[in-house]
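To start, the structure under review is shown below, and the notes come after it.
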Amino acid sequence: MGRAAETEELLAALEGLGAGRGGAIALVGEPGIGKSALLSTATAHARAAGIRVVTVHGRHGFDLPEPVPGEATLVALDDLHLLAADRIAEVERLLHLVATAPVLCLPAYRQRQLSPALAAVLARAASAGLLDVRRLGPLSREQGLALLGDHPEAEEVQRASLGNPQYLKILAAGGEAGADATLAVLGELAELDGTALAVVQAAAVLGEPCHPELLAAVAGLEMTETLPALDTLARLDLVRPADTAAQLTLRHKAIGQVVYQRLEPSRRLALHRAAELVLAARAAPIARRAHHIVRAADPGRPEHVTTLIAAARDSLHSSPATAAEYLQAALCLLREGEPHWHEARVLLAQTRLLSGDAPQARALLDALRTAGPGRPAHQGGPTALADASRVERQLGRFTEAGAIARAGLTALADQDSATAAALHAELADYAYDLQDFATSRQHAETGAAIARRHHDRVGEANALAQASLGHLFTADLATARTRVARAAELLDASSDTTLLTNLEAAYQLGMTEGMLGRLADSERHLARGAALSRRTGQTYVRPKMLMSLANTQLRAGNLCGALATLDEAGPPVERAGNPATRAGLAVFRSEALLWRGGAGDPREVVVLADRAAAIADGQSPGWAVGVRCLVAGVVLLTGDPTRAGWLLLDAAGGTELPRLTTWRRTRFCDALAQIAQAEGDGDAVEHWARLARRSVDQLPSASRLGFAVRARMRAHALRGETEQALLSAQEASAHFAAGGERVEVARTLLAAAVLALDAGRGDQVADRLERAALLARQCGSGRLADEVAQQRERLAAQGQGQGHQGQGEGQGQGQGAGPLDEALATLTAREREIARLASTGLTSGEIAGALVLSVRTIDSHLGRIYRKLGVPNRASLTRALLGPV
């Protein structure tokens, strides 16, 4: 696999033998890279073709094959680097022979292990054109994954193998016996003497680059024995210099796995205990010592327990799985009630929580909180209660989470501690889920203040992002923006190591930024959090992190990115079992597939939407209301407006949408206005447009303004006010562009094109469709592309005459109206469009986004508009256009 080009070259060379052409092709590369496999392929093809084959191993030398007149010969020379010095002359004669006889020589060797004399012979042959050298590189990621098949840790194994097929197979099997790759390594070890083998065993147990002195101490050897053994191992390429010149390491961790798996239990135990003693004497980092204690804990040494627990604390957030390994080893050395037993259990519960095993974490914490003889109630203490609240929240048990957090805060003696801040964060989340935003804001602000006093930047960022949402949903947009900006500043200034102590802060900030329409910042923070989750194994936050990231990508029109994120989110979301994230996964995938697909079979879209609705049905929290509304939006787009309207009103609680926050209401007002427009219900369209306007007046933002203005567009359209409807469409497009919502920009452009075509006005329709087509390509949306194609067909059918007629009517309305109308008549269609958008208060950047032009182009147009109309600036332009336009 992955050697197609090399195989074709060898087969071509074999064909050349039939024409009497010889040659030599050297296959060079790392051990296990595939040299022998290529030789085997070549010899098999040669035998099948009736070609004489001579196979030789470098260790044994060979006799120079005598050429037989008219008979082609293949010489496959494996492991040439092992050739003895007194046989090198035979290689040189063979390489000269191929120039005059039908002999194909295929030497394979490891460059590192060539002797200087043999390297010189090969170099001379290459310079003389007698030898073609082919260096075999690593397999690609795709090729490695194909070899691994459905291995559960395929990505990690592929990365660790460095693309080497032999190492990939060894790592996939965990170094177990049986595989050819493992046997090949054993063959390299077979002829080592006892001292060299002891050094290799010590290196395998240490599992890291180390100094010769450390290897000697662990192996129980003197330096006078160790150094010659290392020289031998270096010549055999079993050990190599590490990044630090004074250190050495095994050629690859796969070698260490093979050696380690074959250590006798007594030898393994002795080496681990020796390693721990030596490292302790050298004051090595605690994690290095803990690695050996886990594998050779001594019940007679109490310090082993304290070392394991200390190492678990250190690695709790950077590698919860490793911390759990340390704690399980420590608990094997402890009996219930002994010192450190309780601490080890609390820490073990935290590792389960961080690694996404909420049921196991809950079981551990429940046991700690259960009262018994001689054991106080809530023995876990407030810290354990904060963790218990997070566990219940992971499981979707929000009422229980809130009750546990309140109990923890009540039991806490120090109300100004880090634990208090964590409990306030839990209560802020609980109140937010109940849509009690004032209470949520109060808890979040309190938590932020406590975290600030304790110099906990990440905790403060998390609380400020929570507070931002509280302010947002209590109609204080200015404070919401201030809080989220400060949270972003704190998080951006924090190192990854610091952020890992509270990875939920990245989720909370990214989700809040998405709500506020800061899509680029939202994606940046969520992507950082997701990357840290993958790297460390903190999987507890990954489902909702990925869900929020996918939603952000979906709104930004990155459909491929959203679907890839949802693919990654699928397994952890299903494992977590949280109904909110499961419903979100289904509805976001439904919407992403709807926009990506063309006008084909929408059954998968509908099935996913129905699944989301079924999960949310009967649930009262805010997430369930939001999911049901999103499902209604999907139903509308799949062509069932009547059902969509019923679903929306049922989810939102009636015609005033009381279950929706002011912030969320505007989007669904526009959807309901679209439904009413389709049904020809003018009163309903007016109602939804007014409700949208009232909502956005309380909390204005770019995207929400876009939805409100688009709802007004629908009201104008239903009344036959085409000009006003088209102006509203332009304004809505600009607002959506300012918010980064490319799909909504394209939808609005298409709606404007439909309005214009319905009114028989073909002017500027082609331009709108061109911009919508560009956005469809940028988003990867087949549905939008199909809709553009449909409207282009309508435009072509109408012909250019109606377009000119529409322009004439527009000009006729202004005849004799005065100097300003005459000046307006001098503007091009593009200039009129830009002038009208500028008069709504949009910036040049927002207009540029709406029209898919550069800011410089917009400013150039504005300059010409000012000159033609005789106005000095944008404010004067707005006043001039208020009446006539």
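The values are calculated or read from the model by the stated rules, or taken from the named source; none is laboratory data. In this text the structure is predicted, and so the values were computed from the model without any measurement. Cβ atoms come from the backbone with ideal geometry, glycine included; neighbour counts cover every protein chain shown.
Filtering the range 107-133 to residues that are in contact with a helix residue (DSSP H, G or I) (Cβ under 6 Å, 6 or more places away or on another chain) and assigned to a strand (DSSP E or B) leaves P107, A108, Y109, V133. Among the residues of the range 295-303, some residue qualifies, meaning at least one is under 35 Å from the mean Cα position of the chain (by Cα), surrounded by fewer than 20 Cβ atoms within 10 Å (Cβ to Cβ), basic (K, R) and modelled with pLDDT of 90 or more. So which residues in the range 335-354 are among the basic types (K, R) and closer than 18 Å to S389 by Cα, if there are any at all? Answer for the range 335-354, where residues must be among the basic types (K, R) and closer than 18 Å to S389 by Cα: R345, R352.
Mind checking whether some residue in the range 64-77 is within 30 Å of I170 (Cα to Cα) and surrounded by fewer than 20 Cβ atoms within 10 Å (Cβ to Cβ)? There is no residue in the range 64-77 that is within 30 Å of I170 (Cα to Cα) and surrounded by fewer than 20 Cβ atoms within 10 Å (Cβ to Cβ). Comparison of R352, R267 shows that the only residue that is farther than 21 Å from N502 by Cβ and not hydrophobic (A, V, I, L, M, F, W, C) is R267. From the list L608, L630, L657, the lone residue that is part of a loop (DSSP other than H, G, I, E, B), in the same structural domain as G780 (by TED's automatic domain parsing), surrounded by 22 or more Cβ atoms within 10 Å (Cβ to Cβ) and of a type outside the set (S, T, N, Q) is L657. Among the candidates A766, A729, the residue that is closer than 25 Å to Q778 by Cβ, small (G, A, S), touching a helix residue (DSSP H, G or I) at 6+ places or on another chain (Cβ under 8 Å) and surrounded by fewer than 22 Cβ atoms within 10 Å (Cβ to Cβ) is uniquely A766.
Working carefully through the options A173, A204, find the one that is under 16 Å from Y260 (Cβ atoms), without any contact (Cβ under 8 Å) to a residue 12 or more places away in the chain and of a type in the set (G, A, S).
Exactly one residue qualifies, and that residue is A173.
For the range 561-571, a residue qualifies if it is surrounded by 22 or more Cβ atoms within 10 Å (Cβ to Cβ) and touching a Lys or Arg at 6+ places or on another chain (Cβ under 8 Å), and the qualifying residues are L566, A569.
Restricting attention to the range 7-22, and to residues there that are surrounded by fewer than 19 Cβ atoms within 10 Å (Cβ to Cβ) and of a type outside the set (A, V, I, L, M), which single residue is modelled with the lowest pLDDT? Filtering first and then ranking leaves G18.
For R301, the conditions (1) outside any helix (DSSP H, G or I); (2) closer than 14 Å to G220 by Cα all hold with the exception of (2). Considering A592, A576, A599, the condition of being more than 19 Å from the chain's Cα centre (by Cα), of a type in the set (A, V, I, L, M, F, W, C) and either in the same structural domain as A785 (by TED's automatic domain parsing) or modelled with pLDDT under 85 (or both) is satisfied by A599 alone. Within the range 482-496, no residue satisfies the criterion of being without any contact (Cβ under 8 Å) to a residue 12 or more places away in the chain, in a helix (DSSP H, G or I) and farther than 19 Å from A520 by Cα.
Against the list (1) of a type outside the set (S, T, Y); (2) closer than 26 Å to D433 by Cβ; (3) surrounded by fewer than 24 Cβ atoms within 10 Å (Cβ to Cβ), the condition E686 fails is (2). The set of residues from the range 239-259 being surrounded by fewer than 18 Cβ atoms within 10 Å (Cβ to Cβ) and more than 34 Å from the chain's Cα centre (by Cα) comprises R240, P241, A245, A246, Q247. Tally the residues that are assigned to a helix (DSSP H, G or I) and crowded, with 16+ Cβ neighbours inside 10 Å, restricting the search to the range 137-159. Qualifying residue count, the range 137-159: 8. Flag: E338 matches the condition of being without any contact (Cβ under 8 Å) to a residue 12 or more places away in the chain, surrounded by fewer than 22 Cβ atoms within 10 Å (Cβ to Cβ) and either hydroxyl-bearing (S, T, Y) or out of contact with any strand residue (DSSP E or B) (no Cβ under 6 Å at 6 or more places or on another chain) (or both). Evaluate the range 215-223: report whether one residue or more is touching a residue at least 12 places away in the same chain (Cβ under 8 Å) and within 37 Å of the chain's Cα centre (by Cα). There is no residue in the range 215-223 that is touching a residue at least 12 places away in the same chain (Cβ under 8 Å) and within 37 Å of the chain's Cα centre (by Cα). Exactly one residue out of A729, A715 is under 19 Å from F668 (Cα atoms), in contact with an Asp or Glu (Cβ under 9 Å, 6 or more places away or on another chain) and modelled with pLDDT of 90 or more: that is A715.
Every condition in (1) of a type in the set (A, V, I, L, M); (2) modelled with pLDDT of 95 or more; (3) surrounded by fewer than 24 Cβ atoms within 10 Å (Cβ to Cβ); (4) farther than 18 Å from L566 by Cα is met by M515 except one, and the failing one is (2). For the range 518-531, a residue qualifies if it is surrounded by fewer than 22 Cβ atoms within 10 Å (Cβ to Cβ) and either β-branched (V, I, T) or free of Cβ contacts under 8 Å to residues at least 60 places away in the same chain (or both), and the qualifying residues are D521, R524, A527, R528, A531.
Can you say whether R704 is modelled with pLDDT under 95, in contact with a helix residue (DSSP H, G or I) (Cβ under 7 Å, 6 or more places away or on another chain), of a type outside the set (A, V, I, L, M, F, W, C) and closer than 13 Å to C629 by Cβ, as far as the supplied structure shows?
no
For the range 448-481, name all the residues that are free of Cβ contacts under 8 Å to residues at least 12 places away in the same chain and outside any helix (DSSP H, G or I). Selection gives H455, D476. The numbered conditions (1) part of a helix (DSSP H, G or I); (2) touching an Asp or Glu at 6+ places or on another chain (Cβ under 9 Å) are all true for I615 except (2). Can you tell me which residues in the range 1-46 are in contact with a strand residue (DSSP E or B) (Cβ under 6 Å, 6 or more places away or on another chain) and of a type in the set (S, T, Y)? Correct list: S36, T43. Counting only residues that are surrounded by fewer than 14 Cβ atoms within 10 Å (Cβ to Cβ) and closer than 17 Å to A216 by Cα, the range 265-281 holds 2 of them. Residues that are at pLDDT 90 or above, closer than 23 Å to D567 by Cα and basic (K, R) within the range 602-644 comprise R611, R628, listed in sequence order.
Among the conditions (1) more than 23 Å from T399 (Cα to Cα); (2) in a helix (DSSP H, G or I); (3) touching a Cys at 6+ places or on another chain (Cβ under 7 Å), the only one that A651 does not satisfy is (1). Looking at the structure I just gave you, is D617 closer than 30 Å to A431 by Cα and without any contact (Cβ under 8 Å) to a residue 12 or more places away in the chain? For D617, the condition - closer than 30 Å to A431 by Cα and without any contact (Cβ under 8 Å) to a residue 12 or more places away in the chain - is met.
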